[in-house]
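> Here it is, the structure, as structure tokens.
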Amino acid sequence: EPEVTQTPSHQVTQMGQEVILRCVPISNHLYFYWYRQILGQKVEFLVSFYNNEISEKSEIFDDQFSVERPDGSNFTLKIRSTKLEDSAMYFCASRPLGNTGELFFGEGSRLTVL
Amino acid sequence: KQEVTQIPAALSVPEGENLVLNCSFTDSAIYNLQWFRQDPGKGLTSLLLIQSSQREQTSGRLNASLDKSSGRSTLYIAASQPGDSATYLCAVRGSYIPTFGRGTSLIVHP
């Protein structure tokens, strides 16, 4: 069964460093999302991506964050100058074209900022 | 802005009980509602997807219903088992982005 894959599963970084989280969405999906979940809190929307551009973003997704689809298969989230409060689980999700499509999530990348 | 509420926040039951988890949302203009399961430290596994035109969906011991006009969905778990212990999340999608509730943390003890 096709799945969304994310790497790395866990990354530890020093405050102020840049981090890139990678996702390979399901191959025929056209909508991509990044969500985050701080430990013990709800799953929060960061950004959605369609047709090679950001379609929506939340107030969390400020200039510190960027997304890219560099090669037609990978979908990356870059976090510049990480802060302690960026420590969270980051989830990538994808869905096919159409309003009724099911959303599929990856296993997540746990980011720990020290 | 869509608001999604899940009740109860936590539930602890003995094995074998039938359970009802609730999800309510404020804007009924939705395309679909999806129930997920999340094990500790893990990703989100899709359980059931209900389109806005549907009233319910079933998969094994799980049954999800949708009353779009009243902004409610329920997830019914029949004959609960310890392996059902997890957090259950509902996500509502309309013209806006999929919005999650805080989840119901379920513990089923033997």
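> What is the calculated FRET efficiency for A:Asn51 to A:Met15, with r their C-beta to C-beta distance and R₀ = 30 Å, to the nearest 0.05?
Working: r = 35 Å, r/R0 = 1.16.
That pair, A:Asn51 with A:Met15, gives E of 0.30.
> With a cut-off of at most 16 other beta carbons within 10 Å, and DSSP calling the residue loop, which trypsin sites (Lys or Arg not before Pro) in the range B:53-91 qualify? Please list them.
On the way: sites: B:Arg55, B:Arg61, B:Lys68, B:Arg72; in loops: B:Arg55, B:Arg61.
Those that pass, being in a loop and sparsely packed, are B:Arg55, B:Arg61.
> With charges set only on the Cβ (+1 for Lys and Arg, -1 for Asp and Glu), what does the dipole of the protein assembly as shown come to about its Cα centre, in debye to the nearest 20? Working shown, then result.
Values: 19 positive and 23 negative charges, 26 e Å.
Using Cβ point charges on Lys, Arg, Asp and Glu, the protein assembly as shown gives about 120 debye.
> While we're here: Treat the range B:1-40 as a sphere of radius equal to its Kirkwood radius over Cα pairs and apply Stokes-Einstein at 25 °C in a medium of 0.890 mPa s; give the translational diffusion coefficient in µm²/s, rounded to a whole number. The partial results should precede the final answer.
Details: Rh = 12.6 Å.
Translational diffusion coefficient: 195 µm²/s.
> Now for a different question. For the protein assembly as shown, what is the Kirkwood estimate of the hydrodynamic radius, computed as the reciprocal of the mean inverse distance between distinct Cα atoms, to one decimal in Å? All intermediate terms of the calculation are to be shown ahead of the outcome.
Details: mean 1/r = 0.0554 Å⁻¹.
About 18.0 Å for the protein assembly as shown.
> What would the Debye equation give as log₁₀ I(q)/I(0) for the range A:25-114 at q = 0.25 Å⁻¹, counting only Cα atoms as equal point scatterers?
-1.44
> Shifting gears a bit: Let's see if you can work this out: charge +1 on each Lys and Arg Cβ, -1 on each Asp and Glu Cβ, no other charges. What is the dipole magnitude of the range B:1-48 about its Cα centre, in debye to the nearest 20?
160
> While we're here: Fewest Cβ neighbours within 10 Å first, please rank A:Phe49, A:Phe61 accordingly. It would help to have the intermediate numbers written out before the result.
Values: A:Phe49 22, A:Phe61 19.
The most exposed by this proxy come first: A:Phe61, A:Phe49.
> Listed here are the pairs A:Lys57/B:Lys42; A:Lys57/A:Lys78; A:Lys57/B:Lys1; A:Lys78/B:Lys1; A:Lys83/B:Lys1; which of them are more than 19 Å apart at the Cα? It would help to have the intermediate numbers written out before the result.
On the way: A:Lys57/B:Lys42 24 Å; A:Lys57/A:Lys78 14 Å; A:Lys57/B:Lys1 14 Å; A:Lys78/B:Lys1 27 Å; A:Lys83/B:Lys1 28 Å.
As for pairs spanning more than 19 Å Cα to Cα, those are A:Lys57/B:Lys42; A:Lys78/B:Lys1; A:Lys83/B:Lys1.
> Would you calculate the convex hull of the Cα atoms in chain B and tell me its volume per residue in Å³? Don't skip to the answer; put the middle values down first.
Working: hull volume 9.8 nm³, N = 110.
Cα convex hull per residue, to the nearest whole number: 89 Å³.
> Now for a different question. Compute the distance from the alpha-carbon center of the range A:48-71 to that of the range B:10-37, in whole Å.
The two parts, judged by their Cα centres, are 30 Å apart.
Values in this text are rule-based calculations from the coordinates and carry no lab data. All of these numbers come straight from a predicted model, not from anything done at the bench. Cβ atoms come from the backbone with ideal geometry, glycine included; neighbour counts cover every protein chain shown.
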